[in-house]
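Comments concern the structure below.
Taken together, the values in this text are just the output of simple stated rules run on the coordinates, not laboratory data. Bear in mind the structure is a predicted one, so any value in this text is a computation, not a measurement. Note that we place each Cβ from the backbone using ideal geometry, even for glycine, and neighbour counts take in every protein chain shown.
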Amino acid sequence: MQQQMELMTKLRQPDIGFAEIESVLRRDAGLSVTLLRFLSSAGFGLRVQVSSIRQAVALLGLSEFSKWVTLVGLGEASYK
């Protein structure tokens, strides 16, 4: 949850880069796996295999990635 909050804070910065996002995600294996599973799901409909965190974030785009982080965070908060 701490990495999600850090990501949400960083995503509000106008000059955020993929390297910074990737650095935070690498510290949270669960969040990284959730992101890769989300993009690999049949419902998402990608025709390419997502093989890295940076590729996953780039495919989503910063705006959609920010929404995804918020949704995942809200989902986890509702279980506690």
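Output the DSSP H helices from the chain with an along-axis C-alpha extent of no less than 15 Å and a mean Kyte-Doolittle hydropathy no less than 0.5.
29-40
Over all alpha-carbon pairs of the chain, lay out the pair-distance distribution in 5 Å bins, whole %, shortest bin first.
Values per bin, smallest distances first: 3, 15, 29, 28, 16, 9, 1, 0.
Taking Cα atoms of region 1-41, Rg/Rh with Kirkwood Rh, to two decimals?
0.99
Could you check the simple spin-label distance between I16 and S51, using points 7 Å along Cα→Cβ, in nm with one decimal?
Result: 2.7 nm between the two label points.
Check each of the chymotrypsin sites (Phe, Trp or Tyr not before Pro) in the chain and keep only those in coil by DSSP with at most 13 other C-beta atoms within 10 angstrom; list them in order.
Here the chymotrypsin sites (Phe, Trp or Tyr not before Pro) that fit, given the DSSP loop and packing criteria, are F44.
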